[in-house]
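Working notes, structure below.
The values are calculated or read from the model by the stated rules, or taken from the named source; none is laboratory data. The structure presented is a predicted model; accordingly, all values stated were derived computationally and were not measured. Please note: Cβ atoms are built from the backbone with ideal geometry, for glycine as well, and neighbour counts cover all protein chains shown.
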C-alpha cells in the first residue's frame, strides 16, 4: 500500500521537474539595450514591483544605461549611493567615454562602489540575479551586464531561540537570513578550513542551500554523501530544512529523528567541531546536522558548560525520563490488569480502591487520558499565546479534578499521565517518537502485560540497531561499542578530559589537538 | 553471501546469550541435586573444549561457512545431505526453545493465554531481527545481553537474607554417576548447540580472536550458571529444587517485599530470543547455501513458520518436554555435536598437514 | 518491513481476546486462608476477602456523608473434596474470582494437622499465585473460621492484625514464625521435622499467638508452650529480641536479650553419633529489676550472667526433652548436620533418625553476657 | 477445533504471501520456490491437522523410538 503511494508521489514530482521557469529564456544578452528592456518587461510582465531605471547621457544620448531591479528586494539607499549616483556623476563628468565598451569597463572598474558584483552574460543569469535581489546594470552596446549586490538586509534580529533554552551559554540563535547565519558560524570558527558550499535547490524557489563543514575534521566520505544526496533532491520548493531532512534521511519510515536540527549557534559549532556536517538553508533558522545518533537526543549544550557531575546526573535523569515517558502508562496497565502477584498488598489495596467504580478498563482509561493530554498539548502549541492561560486552567480542571470526581478516571491514572507528560518534555527531540510508541506499548501491555511490553521493547531495540544515519549506526557508541566515546553518552566527563573527537563519526583527525596524524579509519570502522 | 561483519565483542555477547538461552528453564543440572556445581564445572570445562574444537574447525577452513566446510571435506553429495540434516537439527532446536519459553510463560504468569499466541508473537519479533541481518542481531545482543547477569545479580542480592551457605553439602552423596550424567547433559545443552555458530564465525572481523572469544564466553557462562546454581540451592535447598518445575521462577518469587518475576521473563526472553535467532539464521543460511539462493532472507519466514508449528506439534505435555530434554536430547545430539565435528576436525587437520607438506616439498 | 511487523504485532491484539487480562476491580483480594478437615473427611476452606473501597473510606475519610458503610472484610467457607475444588466451588457464594497472591496468613485446622498437612501443601505449592512468604499458623482449640471471623479493633483487616502479632515475635520470641516456603523445604525432608506457630482465640476481638505445634512426618503430634518455644528458637538461632525473667533475691529481674546466636552440632565417635551439642551465645541488658539489692560491682554481673544462662538452659532443656522423649521428633534439624557432614551414616539410618535422635544424650552450653543496666544503676527500692 | 492455531496460521499465510510476491517480482529460480513451497505447505498442513485435533505423532516420538530401537536409551 505504502509502496504504491510512494510510487505515485514519485511520478508526480517528475512531471513538475519538466517545466522549469527558466526554459525559454536561455539566450545570450542582446547588445541593444532596448531589446533587453523589452525582453525583461516581457518576462516580468505582471510584476509591478519590477523596476527598470534608464539613464541617458553623452552626445546624442549615445550612452544609455539601464538598471533593473525588484523593488523591495534591494536597499534603495545603497542602490542610490553605490550605483545610481556614481554612474550619473561619471556620465555627467568630463572623463566619460563615448565608446560603450570603455564606458562599461570604466563603470565596472572605478565607478560602482559596491564590493560585491558579478559579470553576467546570459538572460537567464540576469533574471536569476534580479529575482535574488541584485540590481543588474546594462550598458547599451555591450554584451555583458553587471549584477551588483545591493540586497536589503531586512529580517529578524538575532535573538535567543524559543525552542532551545539554555541556562548558561551564548544566547544567539540563527535567523532566517543565510548570510547572517554563515556570519554567525564564521565568527566562532576563525579558520579557513571552515567551508561553505552553496547550491540552489527547488525548481521554483531556487533556495540557497549551504553545506557547511570543517575540512580536516569532518569525514570526506560523509561530506561527499551529503553532496550526493542533496543533488538528488528534485522538488518544487525548499521552504525549510525540514524538507531537506525528509529527502536525505537514510530511513524514511522511522519514528526516530535521524537528522538533527538546531537553532543555537554554539550547539551547531560544537557539532561541526566534532566532525559533523551542517546544512543551512536560506529562509529558516533551523540548521540540520548529519550524522545524527540516538544519544544526541539527550545531550544539551548546557551539559558541557556545567560541572561534569551535575551534567552526568542530568543525562541519567533524562534517560530515565525517556524510559518513564514511554513505559509508565503501559506499566500501570500491566500492573493493574496482569501482574497482581507483583504488587505488594498495601499498594494493591490503594490501587484497587482507586479503581473502584471506574466504568472503563485500565487500558481505555489510559488511552482516554493520554489522548486528552496530547490534545491539550497540541492546542497549547497552535493557539494564540493570549488564550494560553484559559486553556491551562480548563485542562487542569478537566484532566485533574473533574474526571476523577465524575468517576471517569482514577486518581492514580491522573498521576501516571501527569508524570508521563512531565517526563516527555525532558527530551524534546524524541517527543514525537515517544508519543506514538507510548500507544504501542499500551496496546502491548493490555494484550500481554509485561511480556508484551518486553516484546515491543525488543522490537524497538532491533529497529534502533537497524537504523543508520549517513552510514553511522544509530545506537553508537553503545552498539557497536566504541569505548572511547562512552565519555560523552549517558554520563559526561569534564571538558578537559575529552581528549578525542567522537570516533564513531570517523573524523579525519581523531585528536582534538591539531596536527596529529590521521588515525587508521578502517580499524575503527571494524570495531 | 552476506558481507556482514561482527566484532569480537558482538560474537562474545551472541555466544553468551545463546548459551544462557533457555537453559535455566530446563536445567539439566537438577538431576545432580547437591552436586550440581560439580556437574556445572565439569560440563563447563567440557563445553569450553568443545567450543575450542568448533573454533578450530572454523580456523582451519578460513572464510568458509559450515556448508562449504562440509562440502569440501566430505564431498558434495554427502556434504549437502549432512547440511540438510543440520538444517533440521537447528530448526528443531529453535522450536524446542520456543516451546520451553512458551511453557514457562504459560505456567508461571499467563495461565489462560494460549501457548500458540505467545510463541507466534515471539516469532514475529525474531523474524524481524533475523531479517535485519546478523550485524543487527549482533548489535542488539550487545545492548541486551549485559542485562542478563545484571538481573541475575539483582535477584541474588535481594535474596541474600535467606541464604543457607552450607546447602550444597554433602558432596557426592549419590556417587559420581549422576554428576557425570548431568555434566554430559549440560555439555550437549547448551554448549554443543553452539555448532550453529559455524555459520557465523566467517563474519567475525578479527579471526585470530575466534578461539579466545569462544572459550571466554563458555567460561563466563559457566561462571554465571555456577553463581545462579549456588543462589538457588542456598535459597531453596536441594529438595525444593528437585520438586520445582521452574526453579528460577520460585527463586524470584521468594524475594521479600517485592516480586521480581517479570525481570526474569525479560532475562529468558533475551537469552531465548538470541538462541532462536541464531538457530534460525544458521538454518536459513544453510538452506540457502544448499539450494544455491543468494539471500538467506528468502527462507527465514518459511522456516520460522515451520518452527512455530513444530514447537506446538512436538510435545503433548510438559512431562514429555522434561523427559525429552533430560533423556533423549543428549543422545540424539551426539552425531550432530560430537561425531561430525570431530570427523571434520580430523579431516581438516589432515588436509592442512598435506598442504604444509606439499608447500615445504615445493620449496 | 517495519509496517508489516507493526501490523502483525497489533493484529492479534485486536483480533483476539486478552486472556490473562483481569482488572483489579474484578478480583477479590483474599488476605487469609483457613484450611481444615471436616468430620466426613472433606476439606473446608475459609477465605477472608477484603473490600478495598470500604477500607479506604474507613481509614481516610471515616465514611462519606450519605454513603452506607460497607464492611471492609467478609469471611466465607466452603466444603470440598480438595482445596482447589473448594476454592473454585466457593464462587457459588462469592461474586468475583478469588485472588490468592495477597494471602498474608494461612491458618491450618487442628484436625487437618493431626491427619497430615502434606496434602494441603500440594495445592499451595502448585498454584502459581500463592504467596510463598505467607505466614502459616495452626489453630488450637478452635476452627480456622473462628479465628478468621474475629473483628479486631487494632486493624480493620484481621489477617493483617494476625500477621502483625506473628511478625512481632522478633521482639518476644514466643511463637515460631513459619513461612509457607519453609514448609515446602522441610515437608519431605527427613533431616528436620516441621514446626508451625500456634494461634488461639482469646475473644471476639483478639487472638493469641504463643507456642508452637510440633509435627512428625507431617502429622501434628503435640505442642510446645511459650517457654519451650523460646528454648527451641534459641537453639535454632531465631531469637532476635526477647525478655527473660530470672528470680533474684527479694524480687525478679528481667533481662532484655538483644543478640543471640545458636549453634547445633552432632558429635560423632567411631562413626556413630554419641552426643547432641547445643551452643548459645547471648547478650543483653537489664530491663527491669524489682528486687532491692544494689548492683554496682562487676561481679554482680557475673552472677547475673550465670543465673541467666541457667534460665535459658532450663528452657532449652525443656524443649529438648519434649522433642526427644515425648514426641520423638527432630524439630531442631540435627539430622541436617548428620546429612551434611556424615552422609554415609545418614544414608543407613535416615529412616530411624527420629529414634536415634530421641536416645542421644545432650549437652547445652550457654554463654551469656549482660552489658548495661539501662538508664538507672540502682533499683528504685533499696534494701536499707 | 483450535481457533488460536487457525489465527496463527492466517498470520503466517500473510507473511508468506509477502515473500511469494517478492519471489514473483524477482523471478526467483524454481529450486528456491520449490523448497519454499515445500516448507510452507508442510507447516500449514501440520498446523491445520493440529488445529482440527488430529495431531500426528511428533518427531520427538520418532526420534525417541529410533534411539530406543538402537538401544542407546532405555
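Tallying residues that are more than 8 Å from chain D (Cβ to nearest Cβ) and farther than 24 Å from residue B:14 by Cα within segment B:295-318 yields 2. The number of residues in segment D:23-58 that are modelled with pLDDT of 85 or more, over 13 Å from residue B:313 (Cβ atoms) and within 8 Å of chain B (Cβ to nearest Cβ) comes to 8.
Could you say whether any residue in segment C:5-27 is crowded, with 20+ Cβ neighbours inside 10 Å, assigned to a strand (DSSP E or B) and at pLDDT 60 or above? There is no residue in segment C:5-27 that is crowded, with 20+ Cβ neighbours inside 10 Å, assigned to a strand (DSSP E or B) and at pLDDT 60 or above.
Scanning segment A:321-347 for residues that are more than 13 Å from chain C (Cβ to nearest Cβ) and either touching a residue at least 12 places away in the same chain (Cβ under 8 Å) or not in a helix (DSSP H, G or I) (or both) returns A:321, A:322, A:324, A:325, A:326, A:327, A:328, A:329, A:331. Screening the candidates B:81, B:50, B:59 for the property of being within 25 Å of residue B:292 (Cβ to Cβ) and assigned to a helix (DSSP H, G or I) yields one hit, B:81. Looking across segment A:271-281, the residues that are at pLDDT 90 or above and touching a helix residue (DSSP H, G or I) at 6+ places or on another chain (Cβ under 7 Å) come down to A:276, A:277, A:278, A:279, A:280, A:281.
All of B:141, B:156, B:72 fail the test of being in contact with a helix residue (DSSP H, G or I) (Cβ under 8 Å, 6 or more places away or on another chain), touching a residue at least 60 places away in the same chain (Cβ under 8 Å) and either away from every other protein chain (no Cβ under 13 Å) or within 20 Å of residue D:35 (Cβ to Cβ) (or both), apart from B:156.
Identification of strands (runs of 3 or more DSSP E) wholly contained in segment C:115-221 with 1 or more residues that are at pLDDT 85 or above, within 14 Å of chain B (Cβ to nearest Cβ) and buried (at least 21 other Cβ atoms within 10 Å of the Cβ) yields C:135-139. Looking only at residues in segment B:129-148 that are on the phi < 0 side of the Ramachandran plot and outside any helix (DSSP H, G or I), the one that is surrounded by the most Cβ atoms within 10 Å (Cβ to Cβ) is B:145.
Please give the helices (runs of 4 or more DSSP H) falling wholly within segment A:348-448 in which 3 or more residues are under 29 Å from residue A:458 (Cα atoms).
Details: elements: A:362-382, A:388-395, A:411-424.
The helices (runs of 4 or more DSSP H) meeting that bar are A:362-382, A:411-424.
Which residue out of A:360, A:373 is more than 30 Å from residue C:134 (Cβ to Cβ), crowded, with 16+ Cβ neighbours inside 10 Å and either free of Cβ contacts under 8 Å to residues at least 12 places away in the same chain or over 40 Å from the mean Cα position of the chain (by Cα) (or both)?
Details: A:373 fails: either free of Cβ contacts under 8 Å to residues at least 12 places away in the same chain or over 40 Å from the mean Cα position of the chain (by Cα) (or both).
Checking each option against the conditions leaves just A:360.
Can you tell me which of C:349, C:303 is more than 11 Å from chain B (Cβ to nearest Cβ), touching a helix residue (DSSP H, G or I) at 6+ places or on another chain (Cβ under 8 Å) and assigned to a helix (DSSP H, G or I)?
On the way: C:303 fails: touching a helix residue (DSSP H, G or I) at 6+ places or on another chain (Cβ under 8 Å).
Result of the check over C:349, C:303: C:349.
For the condition at pLDDT below 85 and either over 34 Å from the mean Cα position of the chain (by Cα) or within 15 Å of residue A:333 (Cβ to Cβ) (or both), residue A:389 does not qualify. Counting only strands (runs of 3 or more DSSP E) wholly contained in segment A:74-154, the ones carrying 2 or more residues that are buried (at least 22 other Cβ atoms within 10 Å of the Cβ) occupy A:134-139, A:145-149.
Take residue B:151 and tell me if it is surrounded by fewer than 23 Cβ atoms within 10 Å (Cβ to Cβ), modelled with pLDDT under 90 and under 22 Å from the mean Cα position of the chain (by Cα).
Values: surrounded by fewer than 23 Cβ atoms within 10 Å (Cβ to Cβ): yes; modelled with pLDDT under 90: yes; under 22 Å from the mean Cα position of the chain (by Cα): yes.
Yes: the conditions hold for residue B:151.
I'd like to know if segment A:323-333 contains one or more residues that are out of contact with any strand residue (DSSP E or B) (no Cβ under 6 Å at 6 or more places or on another chain), more than 23 Å from residue A:450 (Cβ to Cβ) and surrounded by fewer than 19 Cβ atoms within 10 Å (Cβ to Cβ).
Looking only at segment A:323-333, we keep the residues that are out of contact with any strand residue (DSSP E or B) (no Cβ under 6 Å at 6 or more places or on another chain), and these are A:323-333.
Now drop any that are not more than 23 Å from residue A:450 (Cβ to Cβ), which leaves none.
Within segment A:323-333, not a single residue is out of contact with any strand residue (DSSP E or B) (no Cβ under 6 Å at 6 or more places or on another chain), more than 23 Å from residue A:450 (Cβ to Cβ) and surrounded by fewer than 19 Cβ atoms within 10 Å (Cβ to Cβ).
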